[in-house]
Amino acid sequence: MKIAVFSTKSYDQEYFEKYNQEYNFEFSFFETSLNFDTARLTDGFNVVCVFVNDIVDPETLKILSNNGVGLIALRCAGYNNVNIESASEYKIKVVRVPAYSPEAVAEHAIALILTLNRKTHKAYNRIREGNFSLKNLIGFNLQNKTVGVIGTGQIGATFCKLIKGFGSKIVAFDIHKNIALLDLGVEYMDINEVFKKADIISLHCPLNEHTKHIINKDSISKMKDGVMIINTSRGALIKTADVIEGLINKKIGYLGIDVYEQEENLFFEDLSERIIEDEFILRLMSFPNVLITSHQAFFTQEAMVEITTTTLNNIKAFEKNEELINEVK
């Protein structure tokens, strides 16, 4: 099996080469992302392995099909960047890693909450400059605060269990209720009620036509003044312009994001010597109550092992014409 890996970073190659010993697949690693312009690189490959910001649209899929690609192996859970209908038309199978480490993402959401709240990043910088003042570093207790969770799948459920340990009250919205969370004391309610009651809102839902821009001017208007919004799921769940307006008028008191609507042009790259032309991200970076990380919530040793081995097993099942248990249809 010849596999083309796109959007490759050093850690991707390291883990694939380490765990490929028992599979003996033939890997080629490309730093560039997959899109219409780079799809020609797939000529002669059986499998294409892609990540969150690769663009696998109908035009790209047509080239992949012409080049003989039979499988798209996503090394992530989300698949909104792949046109599944077109893939089916071209008879290209699509597989993913549905659950690599719910703990990794949920714990990062907690880290964003704690950092924004207790301002440990600012305290760290102050101390290094010899400034031991506590001015403007005041936070609040998580105990007895109401935390709203949008999406209670594996990651959202794990987040609920973690935040419950702080003594927070949890209200949640999902089209499917998680019975185990009801036993934990999670209260399911209409999404507008979650917006209305939560002091902190954490997003853990997939991106689709129903959830795109779920955080917008209208939903923000329903929230408490000074609300904290956390997004470790998908960037386009938030309408960036509306969130910026909410920060300016102080309706939003804190914003922590590990994903961003236009992140494919920014994240995973060192742009420290370049001029960043994205005005929205520059505006967000200017707010003292905004914390941005570069899509690193998934990035733990345990998650990397699970992503790598699941992807390899997905490819092995395709090679042997076995059932693709992680197929996206």
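With every protein chain present, what accessible area does Ile150 have (1.4 Å probe, heavy atoms only), rounded to the nearest 10 Å²?
Probe radius 1.4 Å; accessible area of Ile150 about 0 Å².
What value, in deg cm²/dmol to 500, does the helix sum -39500 (n - 2.57) over DSSP H runs of n ≥ 4 give at 222 nm once divided by the residues of the chain?
Details: 12 runs with 116 residues, N = 329.
Helix-only estimate at 222 nm: -10000 deg cm²/dmol.
Note down the magnitude of the dipole of the chain about its Cα centre, charges +1 on Lys and Arg C-beta and -1 on Asp and Glu C-beta and zero elsewhere, to the nearest 20 debye.
Details: 35 positive and 43 negative charges, 292 e Å.
Charge dipole, the chain, about its Cα centre: 1400 debye, nearest 20.
Could you state the angle between the C-alpha long axis of helix 10-19 and the longest principal axis of the C-alpha atoms of the chain, as a value from 0 to 90 degrees rounded to the nearest 10?
60
Return the equivalent ellipsoid semi-axes of the chain as a descending list in whole Å, where each equals the square root of 5 times an eigenvalue of the C-alpha gyration tensor. Before the final figure, lay out the partial values.
Working: eigenvalues 267, 101, 74 Å².
Three semi-axes, in Å: 37, 22, 19.
Report the GluC sites (Glu not before Pro) located in the stretch 168-215 that are in a DSSP loop and have at most 12 other Cβ atoms inside 10 Å of their Cβ, or state none. Could you put the intermediate results ahead of the total?
Numbers: sites: Glu187, Glu193, Glu209; in loops: Glu209.
Hits after loop and neighbour filter: Glu209.
The stretch 90-126 to the stretch 206-250: how many Å between their Cα centroids?
Taking the Cα centre of the stretch 206-250 as reference, the centre of the stretch 90-126 is 18 Å away.
Compare Gly70, Gly235, Gly165 in a GNM of the chain, Cα atoms joined below 10 Å, and give the one with the largest fluctuation.
Fluctuation is largest for Gly165.
Beyond a 26 Å Cα-Cα separation, which of these cross-linked pairs lie in this structure: Lys161/Lys197; Lys161/Lys217; Lys18/Lys161?
Numbers: Lys161/Lys197 19 Å; Lys161/Lys217 30 Å; Lys18/Lys161 33 Å.
Flagged as over cut-off: Lys161/Lys217; Lys18/Lys161.
Roughly how many whole Å is it from the C-alpha centroid of the stretch 28-61 to that of the stretch 165-200?
39
Would you work out what percent of the accessible area of the chain, with all protein chains in place, is carbon or sulfur (probe 1.4 Å)?
Details: 7950 of 16680 Å².
Percent of accessible area from carbon and sulfur atoms in the chain: 48.
Evaluate the distance, in nm, between pseudo-label points positioned 7 Å from the Cα of Glu85 and of Lys316 along their respective Cα→Cβ axes.
Here the answer is 3.6 nm between the modelled labels.
Taking only protein heavy atoms and a 1.4 Å probe, what accessible area per residue, in Å², does the chain have with all protein chains in place?
Value for the chain: 51 Å² per residue.
Plugging the Kirkwood radius over Cα pairs into Stokes-Einstein for the stretch 1-92, at a temperature of 37 °C and a viscosity of 0.692 mPa s, what D comes out in µm²/s?
Working: Rh = 13.1 Å.
Reported coefficient: 250 µm²/s.
Considering the chain as a Gaussian network with a 10 Å cut-off on Cα pairs, which listed residue, Lys122, Lys196, Lys316, attains the greatest mean-square fluctuation?
Its mean-square fluctuation being the largest, the pick is Lys122.
Count the net charge of all other residues whose Cβ sits under 13 Å from the Cβ of Ser286, scoring Lys and Arg as +1 and Asp and Glu as -1. Please report the intermediate quantities before stating the final value.
Working: positive: Arg283; negative: Asp278, Glu279.
That works out to -1.
Setting aside same-chain residues fewer than 8 positions from Lys212, which lysines have a Cα under 16 Å from its Cα?
Straight-line reach from Lys212, under 16 Å: Lys239.
Quick check: net charge around Ser219, other residues with Cβ under 14 Å of its Cβ, Lys/Arg +1 and Asp/Glu -1?
Values: positive: Lys196, Lys197, Lys212, Lys217, Lys222, Lys224, Lys239, Lys251; negative: Asp190, Glu193, Asp218, Asp242, Glu245.
Summing Lys/Arg as +1 and Asp/Glu as -1 gives +3.
Given the options Glu319, Glu306, Glu263, which has the most mean-square fluctuation in a GNM of the chain, springs set between C-alpha atoms less than 10 angstrom apart?
So, out of Glu319, Glu306, Glu263, the one fluctuating most is Glu319.
Using θ = phi - 60° and the Karplus relation 6.51 cos²θ - 1.76 cosθ + 1.60, list the HN-Hα couplings for the stretch 134-140 in order, rounded to whole Hz, with x at every Gly or Pro.
9, 4, 6, 9, 5, x, 9
So how far apart, in nm, are the two label points at Leu184 and Glu209 if each is 7 Å from Cα heading toward Cβ?
It is 3.2 nm.
Given points 7 Å out from each Cα along the Cα-Cβ axis, report the Thr120 to Glu31 separation in nanometres with one decimal.
It is 3.3 nm.
Could you give the length gained on full extension between Phe268 and Phe280, defined as 0.36 nm per residue of separation minus the Cα-Cα distance, in nm?
Details: separation 12, 0.36 × 12 = 4.32 nm, distance 1.77 nm.
So the chain would gain 2.5 nm between Phe268 and Phe280.
The values are calculated or read from the model by the stated rules, or taken from the named source; none is laboratory data. As the structure is a computational prediction, the values presented were derived from the model and not from experiment. Because the Cβ atoms are built from the backbone with ideal geometry, glycine has one as well, and the counts that use them run over all protein chains shown. The accessibility values were calculated without ligands, DNA or RNA, using every heavy atom of the protein model including side chains. Shrake-Rupley method; radii C 1.70, N 1.55, O 1.52, S 1.80 Å.
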